[in-house]
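Student: Structure below; questions to follow.
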2 protein chains.
Amino acid sequence: MSKSVSHTDLINRSAADVRAAIRTGAYTGQTSGLAAGKLQCNLAILPERFALDFLRFCQRNAKPCPVVGVGDTGNPYLPTLGHDIDIRRDVPKYRVFRDGVLTDETTDITELWTDDLVTVALGCSFTFENALQRNGIPVRHVEMGRNVPMYRSNLALVPAGPFAGEMVVTMRPIPENKIAAAYAISGKYPQAHGAPIAVGDPGDIGIADLAQPDWGEPVDIRPGEVPVYWACGVTPQNVLLDAKLPLCITHTPGHMLIADVAEDAETTVLNTK
Amino acid sequence: MSKSVSHTDLINRSAADVRAAIRTGAYTGQTSGLAAGKLQCNLAILPERFALDFLRFCQRNAKPCPVVGVGDTGNPYLPTLGHDIDIRRDVPKYRVFRDGVLTDETTDITELWTDDLVTVALGCSFTFENALQRNGIPVRHVEMGRNVPMYRSNLALVPAGPFAGEMVVTMRPIPENKIAAAYAISGKYPQAHGAPIAVGDPGDIGIADLAQPDWGEPVDIRPGEVPVYWACGVTPQNVLLDAKLPLCITHTPGHMLIADVAEDAETTVLNTK
């Protein structure tokens, strides 16, 4: 392992530089705010025999599960997402699940890689959060230095093979006069969950108490603000765990794959016109 | 077969009504202009063992191959695209290819259906053409009552498994002062090829002569107009044929699957918020 570097050291470096620091083990932290303007990705690695159903599941549930890249079976490189991306080493931290149980957290999955594995990269909310902020719409959990609050909803997913369940959603309080803008801005990023899936009363989508998120931390809702809900990238992770695959590898939340693709590109394929 | 109906008889009918006329065999014609506002789809039906690679291919080449629906293996129904869609009977005309050779054209594939087949529905250019026309941008081949001119380009596709080749493009002449609007309007429909892939000199993308399209018919380019090129849904058909699958079924050009999904819906999954 090379000399370790901090998040601050990497803040203005390119996606390739950040991945290089991750690959050597010099950086194993969260990727929020790194390689600004580049697409960051949720990760699901699974045995090939489940990959067709998983892609069908993602197509049918594109808001929580926007597919932005798919590797060839057994091939750890992802050339459509970036130059020289080796998915075995270029994510800061991975979670390894066996039969639906977390068995390991690691910074390198080279020894777990087999000819049978397929990588699926999925869009993540960093993309539209950056766009909201650029457009003067507050993102409360960022302001408060917290993880976004995430909730199990009662919104049924469209099943495919062993994959099914309910959607996980994130909540961001938005000033009432900026809700329309929040819809319009995030709606431009279908590769990153797109427009909100609900607004207002949490009970309408099966959430009992906004102060008690299922993941992440609660945030303040100020006078004049309304809770707005977006589809969340934890959804596919949850669904994968429930399916109890013999092996499944994901990123550790917040520790994303950083692509060379621009987050506002029309497609998530490098160099595609 | 019931009493036949004409395109005119169906012009103001719902998608369900049009599919019902198709299912009974009363209508076997082109679907352009029918069920206005509903998504129309290109069709690829193939054996399951090729489906994962085909979906990878479509993900990597999303502009020519925008996936809008995928059936379960062996299941001829497509509930995410519409109520009671039976893909064996609800398309006006099908083409059957064996080992890359056209062996049959038929209005019903019930006898060919097996437990091994997977249906992939892909977006089609009717969607953005309707939007261009609504916004006052001329669509020449429609004005001239012709099929859109289609050309083999030299734009390489990103391969996946047995699927590879070059992009097929359509050309529409656009007045120079409306090109930016044409990009903006069609760019709103990523499920239907999105924004153009090139503009101007056909030689830049390997087209020798616009007057001699590889499919469809040439159209007039008037003074002040510039040729604009979009990714074309013939691309996946071509690629499927080149892969010489033992069996592959497509729609006959212009004879599309009509979904219940609105063509401007955020996702192509029915009732998804």
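Values quoted throughout were computed directly from the atomic coordinates according to the rules given, and no laboratory measurement underlies them. What you see is a predicted model, and the numbers here were worked out from it, not measured in a lab. Here Cβ is always computed from backbone atoms with ideal geometry, including for glycine, and neighbour counts include all displayed protein chains.
Student: Among B:114, B:8, B:100, which residue has its Cα furthest toward the positive end of the charge dipole of the range B:1-116, with +1 on Lys/Arg Cβ and -1 on Asp/Glu Cβ?
Tutor: B:8
Student: Can you check how the C-alpha radius of gyration of the range A:222-273 compares to 2.2 N^0.38 Å, as a plain ratio? Walk me through the intermediate numbers first.
Tutor: Numbers: Rg = 16.5 Å, N = 52, 2.2 N^0.38 = 9.9 Å.
Normalised Cα radius of gyration, the range A:222-273: 1.67.
Student: Another question, if that's okay. With a 10 Å Cβ neighbour count serving as the proxy for reagent exposure, in which order, fewest first, do A:60, A:89 appear?
Tutor: On the way: A:60 21, A:89 18.
Starting with the residue having the fewest Cβ neighbours, the order is A:89, A:60.
Student: Using the Cα atoms as the points, what is the convex hull volume per residue of the range B:86-168 in Å³?
Tutor: Values: hull volume 14.0 nm³, N = 83.
Dividing the Cα hull volume of the range B:86-168 by its residues yields 169 Å³.
Student: Report the full-extension gain for the segment residue A:265 to residue A:32: residue separation times 0.36 nm, less the Cα-Cα distance, to one decimal in nm.
Tutor: Working: separation 233, 0.36 × 233 = 83.88 nm, distance 1.91 nm.
So the extension gain works out to 82.0 nm.
Student: Determine the principal axes of the Cα atoms in the range B:64-126, then give the extent along each, sorted from largest to smallest and rounded to whole angstroms.
Tutor: 30, 27, 21
Student: May I pose another question? Under a GNM of chain A (C-alpha, springs under 10 Å), which listed residue has the highest mean-square fluctuation: A:209, A:84, A:260?
Tutor: Looking only at A:209, A:84, A:260, the largest GNM fluctuation is found for A:209.
Student: Please report B:127, A:110 as a ranked list, fewest other C-beta atoms within 10 angstrom at the top and most at the bottom.
Tutor: Numbers: B:127 25, A:110 10.
So the residues, fewest neighbours to most, are A:110, B:127.
Student: A further question follows. At 7 Å along the Cα-to-beta-carbon direction for both residue A:104 and residue B:98, put a label point, then send me their distance in nm to one decimal.
Tutor: 4.9 nm
Student: Can you tell me how much longer the chain between residue A:204 and residue A:144 gets when fully stretched, taken as 0.36 nm per residue apart minus their C-alpha distance, in nm with one decimal? Walk me through the numbers before you get to the answer.
Tutor: Numbers: separation 60, 0.36 × 60 = 21.60 nm, distance 2.64 nm.
Value of the extension gain: 19.0 nm.
Student: Have a look at B:41, B:179, B:61 and report the one farthest towards the positive end of the charge dipole of chain B, computed about the Cα centre with Cβ charges (Lys/Arg +1, Asp/Glu -1).
Tutor: Positive-most Cα among the choices belongs to B:179.
Student: What's the long-distance tail for the protein assembly as shown, i.e. % of Cα pairs beyond 44 Å?
Tutor: Numbers: 24638 of 148785 pairs.
Counting every Cα pair in the protein assembly as shown, those more than 44 Å apart make up 17 percent.
Student: Okay, moving on. For the ranges A:114-125, B:153-164, what's the packing order if you count other beta-carbon atoms within 10 Å of each residue, average per peptide, and put the highest first?
Tutor: Values: A:114-125: 21.8, B:153-164: 17.7.
Highest mean packing first, the order is A:114-125, B:153-164.
Student: Which cysteines in chain B lack any other cysteine whose Cβ sits under 4.7 Å from their own Cβ?
Tutor: B:41, B:124, B:232, B:248
Student: Let me ask you something else. List the equivalent ellipsoid semi-axes of the range B:48-96 in whole Å, largest first, each obtained as the square root of 5λ for an eigenvalue λ of the Cα gyration tensor. Each step should come with its number before you reach the end.
Tutor: Details: eigenvalues 86, 32, 30 Å².
Ellipsoid semi-axes (Å, largest first): 21, 13, 12.
Student: Taking the Cβ-Cβ separation of residue A:6 and residue B:3 as r and a Förster radius of 60 Å, what is the calculated FRET efficiency to the nearest 0.05?
Tutor: Numbers: r = 76 Å, r/R0 = 1.27.
The calculated FRET efficiency here is 0.20.
Student: Residue by residue through B:188-200, how many Cβ atoms from other chains fall within 10 Å of the Cβ on average?
Tutor: Working: counts 1, 0, 4, 2, 0, 0, 2, 2, 1, 3, 1, 0, 0.
Going residue by residue through B:188-200 and averaging, the value is 1.
Student: Taking each residue in B:72-81, count the Cβ atoms of any other chain within 10 Å of its Cβ, then average. What number comes out? Don't jump to the answer; show the numbers that get you there.
Tutor: Numbers: counts 5, 4, 0, 0, 0, 0, 0, 2, 6, 0.
For peptide B:72-81, the averaged partner shielding equals 2.
Student: Normalised by the residues of the range B:126-235, what does the relative contact order come to in percent, with Cα pairs under 8 Å and at least six apart? Before the final figure, lay out each step's value.
Tutor: Values: 200 pairs, mean separation 39.1, N = 110.
Rounded, it is 36 percent for the range B:126-235.
Student: Once you charge only the Cβ atoms, +1 for Lys and Arg and -1 for Asp and Glu, what is the size of the charge dipole of chain A about its Cα centre, to the nearest 20 debye? Working shown, then result.
Tutor: Working: 24 positive and 31 negative charges, 71 e Å.
Computed charge dipole of chain A: roughly 340 debye.
Student: What is the mean number of Cβ atoms from other protein chains located within 10 Å of the Cβ atom of each residue in peptide A:55-64, rounded to a whole number? Don't skip to the end; give the middle numbers.
Tutor: Working: counts 8, 12, 1, 3, 13, 8, 4, 8, 5, 0.
That average works out to 6.
Student: Starting from the Cα gyration tensor of the range B:126-235, multiply each eigenvalue by 5, take the square root, and state the resulting semi-axes largest first in whole Å.
Tutor: 22, 16, 13
Student: Only Lys, Arg, Asp and Glu count, each charged at its Cβ (+1, +1, -1, -1), so figure out the dipole size of the range B:126-235 about its Cα centre, rounded to 20 debye.
Tutor: Values: 8 positive and 11 negative charges, 79 e Å.
Value, rounded to 20: 380 debye.
Student: Turning to a different aspect of this structure: Could you work out the helix-only [θ] at 222 nm for chain A, with each DSSP H run of four or more residues adding -39,500 (n - 2.57) and the total divided by the number of residues, to the nearest 500 deg cm²/dmol?
Tutor: On the way: 7 runs with 53 residues, N = 273.
Helix contribution divided over all residues of chain A: -5000 deg cm²/dmol.
Student: Rounded to the nearest 0.05, what FRET efficiency do residue A:14 and residue B:84 have when you use their Cβ-Cβ distance and R0 = 60 Å? Walk me through the intermediate numbers first.
Tutor: Numbers: r = 51 Å, r/R0 = 0.86.
Using R0 = 60 Å, I get an efficiency of 0.70.
Student: Exposure proxy check: B:235, A:267 ranked by fewest other beta carbons within 10 Å? Can you show the working numbers first?
Tutor: Details: B:235 27, A:267 19.
Arranged by neighbour count, lowest to highest, B:235, A:267 become A:267, B:235.
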